[in-house]
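The values are calculated or read from the model by the stated rules, or taken from the named source; none is laboratory data. Just so we're clear, the structure is a prediction, and the values are computed from it rather than from any experiment. Here the Cβ positions follow ideal geometry from the backbone for every residue, glycine too, while neighbour counts run over all protein chains shown. Just the protein is used for accessible areas: all its heavy atoms, side chains included, with ligands, DNA and RNA removed. Shrake-Rupley method; radii C 1.70, N 1.55, O 1.52, S 1.80 Å.
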Amino acid sequence: MLKRTPLLAFIIAGLMTLLIALLFQEEDRSFTTGQTVIFYFFSFFPSMGIAMLFDPFPNKIKEMYLKINFYIQEENPEDQVAKVLKEELEGKN
Amino acid sequence: MQLGHVAVALTIASFAPELTGGQVEALSLESILVALFAHEFPNFDGLVIMAKLAPKKFHCTWSHSLIVGFLAGLITWFINPAWGYIFWASIFLHYLADMPSSVGLPLFMPFSYKRYTFNLWADTGYFGWVSFVGTYQQAWTWILEGGAYVVLMIRLYQLKIWPFV
């Protein structure tokens, strides 16, 4: 994962918190500092996802998992993932 | 969807008065238990697989078909109509929450075995560490599951529930 991805997420979370305040804050019930921190904390998670859209690593992971059928009775998920990872590493070398 | 199911279930429980015509209070113990049970109901197929009563491929089949959801809700409705409405909302939203996964849901089983998916993230199996880690290495799981928790926090604020008193 790129180093900039969590940093980008922190910024997006701030913007998302601002948007939540603009859309949902009631006039006579302003968010307290603690409540704003809670919204910022929870906004970080979807913001991380948005930031990950601009990072090639999660896409590669998705492509890797798409190659695996986890519903083959005899196969173990750990072994299946390890096998695909090994194949990808061999493909690179 | 994995951890996000809890947030979706609690958000449904927050709408209990609207769903039941005021018979059940928002986020009461009753609404939470019914919503959580109904929302997790389709994933009980994982328990059946772990108990070795069904093969792995049983996951996301019958338990994720609209007709099973409707019938399970109907049984609940006969026990308590208010619970039935919460059950239907919870189970159908479970299907919607699972549709971004590449595994796809056979919504019209047993009439059609075609699987429907939004294909936003790759399926990582039904249980275990590999499934958990794989899910949260993908962008859209963070967006949608994290988003579900943001929506839940907004509902807590609107209902003046701690920590938004």
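Structure summary
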quantity: Whole-number D in µm²/s for chain A (Stokes-Einstein; Kirkwood sum over Cα pairs; 20 °C, 1.002 mPa s); calculated: 132 µm²/s
quantity: Amide N of the stretch B:119-133 lying under 14 Å from the label point, which is placed 7 angstrom from the Cα of B:Ala54 along Cα→Cβ; calculated: B:126-127
quantity: Buried solvent-accessible surface, both chains (B, A), 1.4 Å probe, Å² to nearest 100; calculated: 3000 Å²
quantity: Rounded to the nearest 10 Å², the accessible area of A:Met1 at probe 1.4 Å; calculated: 110 Å²
quantity: Cleavage-rule hits, trypsin sites (Lys or Arg not before Pro), the stretch A:59-93, DSSP coil, Cβ neighbours within 10 Å at most 16; calculated: A:Lys67
quantity: Farthest positive-ward along the protein assembly as shown dipole, Cα basis, beta-carbon charges - from A:Leu8, A:Ser47, B:Phe41; calculated: A:Leu8
quantity: Taking chain B and dividing mean pair separation by its residue count, relative contact order in percent (alpha carbons under 8 Å, at least six apart); calculated: 24 percent
quantity: Accessible surface of the stretch B:29-165 [probe 1.4 Å, protein heavy atoms]: carbon and sulfur percent; calculated: 76 percent
quantity: Protein-only accessible surface order, largest first, of A:Thr33, B:Thr141 at 1.4 Å; calculated: A:Thr33, B:Thr141
quantity: Dipole in debye (nearest 20) - the protein assembly as shown, about Cα centre, beta carbon charges: Lys, Arg +1; Asp, Glu -1; calculated: 420 debye
quantity: Nearest-0.05 FRET efficiency for B:Lys114 and A:Glu63, computed from C-beta distance (R0 30 Å); calculated: 0.80
quantity: Euclidean distance of C-alpha centroids, the stretch A:49-93 and the stretch B:1-71, integer Å; calculated: 29 Å
quantity: In Å², nearest 10: area of B:Arg115 left accessible to a 1.4 Å probe; calculated: 90 Å²
